[in-house]
Amino acid sequence: MFLAFTLCRHPVYYYLILTRFRLKSDSSVCFIVYCYWVMMMQYLERIRALRWDKDLTQTDVANLLYIDRTTYTYYELGKTRIPLDSMLVLAKYYDVSMDYLSGASDIKTAYPRK
């Protein structure tokens with residue numbers, strides 16, 4: 001609980017959670033902030049780690065998604081949310097499931113084929 005309370009005091013994350021979910025500032029928000037922070041960190045680390053595993057640059061992945069390199073950089077930094085269609089392209093390209101890519105699962109399964 002101490003970790004959650006510490007993260008809750010970080011002004012950027014705290015403000016983002018409060019404004020996104022229209023919550024009032026109280027001690028029960030700490031757990032929500034902590035869960036959101038953990039989810040975002042896993043997702044950001046996964047797309048970066050998968051890119052590094054294939055020895056790709058941000059420009060290579062941006063070209064794959066037909067976007068600008070700075071847009072993809074913002075995806076990896078968490079400044080911009082990555083669209084679902086781009087997540088699907090990345091999951092298929094890296095041959096991992098959407099659960100793994102999004103951080104919902106730690107099991108690296110292959111992309112489902114029809």
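Throughout, read-outs are computed from the coordinates displayed, never taken from laboratory work. Predicted, not measured: the structure shown is a model, and the values here were computed from it. Neighbour counts are summed over all protein chains in view; Cβ atoms, including those assigned to glycine, are modelled from backbone coordinates with ideal geometry.
Multiply the residue separation of Glu45 and Lys79 by 0.36 nm, subtract the distance between their alpha-carbon atoms, and state the gained length in nm to one decimal. Don't skip to the end; give the middle numbers.
Working: separation 34, 0.36 × 34 = 12.24 nm, distance 1.37 nm.
Taking 0.36 nm per residue and subtracting the Cα distance, the gain is 10.9 nm.
Peptide packing for 85-96, 54-65 was compared via the average number of neighbouring C-beta atoms within 10 Å per residue; ordered from the highest value, the list is 85-96, 54-65.
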